[in-house]
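The structure under discussion appears below in the form of structure tokens.
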Amino acid sequence: MARLRMGLVGGGPGSFIGPVHRLAAEMDREIELVAGAFSSDAARSRLAGSAYGIDPDRAYPDLATMLAREAERDDGIDFVAVTTPNFHHLPAVRAALAAGVAVICDKPATATLEEAREMARLVAESGVPFALTYTYSGYPLVREARSRIAAGELGAIRKVLVEYPQGWLAGEAAGKQAEWRLDPARAGLGGCIADIGVHAFQLAEFVTGLTVSELLADLGAVVPGRVLDDDCQILLRFANGARGCLLASQISVGERNGLRLRVYGEKAGLDWKQECPNELRLMHLDGRTELIQAGDAALGPAALAASRTPGGHPEGYLEAFANLYRDFARMLRGEEGALVPGMADGLRGMQLIDTAVRASRENLGWVAFP
């Protein structure tokens, strides 16, 4: 099987997520990074290309040049991965789609809801494959939880709790990763809600199969001098009548990456933690607690397809990320079974940011969610 050729947009010196995309994409040997427009500075782009070990002639000064020159090659790129700050997502995706090049983009989809609606229109009109890297949907036991809920093991869902506490922005923020996330010109309307809140939101809807219909939001910029929110709490009502709560915070001192999802139905409940991703607890109405572990032979097809190692050999963040790239590769090849988030997820995420920020700022109370 010939490997698909990837062009990376962003991921230059100092980037965290760019190298993660590269590692995830190449894990299964179905994809190879061959080109990139790694930085808006041509010299830094060449430096990044050298670090990634690609042909110096394919470390381009900008995306337009990469698309044009790669189109002239017999071995040109098959798709681009967009790993830039939020404000650059729409221009990059627009350019790639116009060139007929498939796109996998980091979340959230864009900087604003208006941009997301334009992106959704462009994706629909182009017919070019598009995906978003909501990483946590790639974990085997997240997919197992989704399958069990869909099969009715929990019965009708009554309660959904999803939390995502971090502490890395509790004090003075410094460095490239913090700077752009706290800058409205680059991050967009939301801070914490856009960076990690959308992950929690997508996870809740992805696993339960339910959609949020109303919300009550309380977002705050806790650290003095900040404009964008760094702490969020949102009450949720789902279309089936279930109630829920989403907590997202980047000022919770001592927390690292504490994403956790709990779902309670009429027959059972389940509990999954990202920092212990290889265990899923299923709590039954009669008091029994079932421990489901990654690699178990009894896992369903979706979880087994997302697993690489036998039980007891932990799989984590990079493997989950790699599952999204493997699914994207299958999508590009026209194969069945791809379970990768797309533009619909991106639009929902941007609607969350826009609705929650405005509802909180204007103290609107409960508001309908589109």
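The values are calculated or read from the model by the stated rules, or taken from the named source; none is laboratory data. Since the structure is predicted, the reported quantities are computational estimates derived from the model, not experimental observations. Cβ coordinates were reconstructed from backbone atoms using ideal geometry, including for glycine residues, and neighbour counts include every protein chain displayed.
Among the residues of segment 1-47, the one identified as surrounded by fewer than 24 Cβ atoms within 10 Å (Cβ to Cβ), farther than 21 Å from residue 176 by Cβ and among the β-branched types (Val, Ile, Thr) is 34. Just to be sure, is residue 84 surrounded by fewer than 19 Cβ atoms within 10 Å (Cβ to Cβ) and β-branched (Val, Ile, Thr)? For residue 84, the condition - surrounded by fewer than 19 Cβ atoms within 10 Å (Cβ to Cβ) and β-branched (Val, Ile, Thr) - is not met.
Checking the structure you have, find out if any residue of segment 113-136 is under 21 Å from residue 212 (Cα atoms) and either small (Gly, Ala, Ser) or touching a Ser or Thr at 6+ places or on another chain (Cβ under 7 Å) (or both). The answer is yes, given that some residue of segment 113-136 is under 21 Å from residue 212 (Cα atoms) and either small (Gly, Ala, Ser) or touching a Ser or Thr at 6+ places or on another chain (Cβ under 7 Å) (or both).
What is the residue count in segment 161-181 for residues that are over 30 Å from residue 14 (Cα atoms) and surrounded by 24 or more Cβ atoms within 10 Å (Cβ to Cβ)? Counting residues in segment 161-181 that are over 30 Å from residue 14 (Cα atoms) and surrounded by 24 or more Cβ atoms within 10 Å (Cβ to Cβ) gives 1.
Rundown of residues vs (1) out of contact with any Gly (no Cβ under 9 Å at 6 or more places or on another chain); (2) outside the structural domain of residue 24 (by TED's automatic domain parsing); (3) within 21 Å of residue 107 (Cβ to Cβ), yes/no style:
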{"position": "323", "(1), (2), (3)": "no, yes, yes"}
{"position": "328", "(1), (2), (3)": "yes, yes, yes"}
{"position": "332", "(1), (2), (3)": "yes, yes, yes"}
{"position": "336", "(1), (2), (3)": "yes, yes, no"}
{"position": "348", "(1), (2), (3)": "yes, yes, yes"}
{"position": "354", "(1), (2), (3)": "no, yes, yes"}
{"position": "357", "(1), (2), (3)": "no, yes, yes"}
{"position": "366", "(1), (2), (3)": "yes, yes, no"}
{"position": "369", "(1), (2), (3)": "yes, yes, yes"}
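Against the list (1) within 14 Å of the chain's Cα centre (by Cα); (2) β-branched (Val, Ile, Thr); (3) part of a helix (DSSP H, G or I), the condition residue 93 fails is (1). Checking each residue in segment 62-81 for being touching an Asp or Glu at 6+ places or on another chain (Cβ under 8 Å) and surrounded by fewer than 19 Cβ atoms within 10 Å (Cβ to Cβ) picks out only 76. Does residue 169 meet the test of being in contact with a Leu (Cβ under 7 Å, 6 or more places away or on another chain) and not basic (Lys, Arg)? It is false that residue 169 is in contact with a Leu (Cβ under 7 Å, 6 or more places away or on another chain) and not basic (Lys, Arg).
Among residues of segment 29-67 being in a helix (DSSP H, G or I) and without any contact (Cβ under 8 Å) to a residue 24 or more places away in the chain, the one that is nearest to residue 325 (Cα to Cα) is 49.
Residues in segment 112-147 that are of a type in the set (Lys, Arg) and either crowded, with 22+ Cβ neighbours inside 10 Å or touching a His at 6+ places or on another chain (Cβ under 9 Å) (or both): 143 alone.
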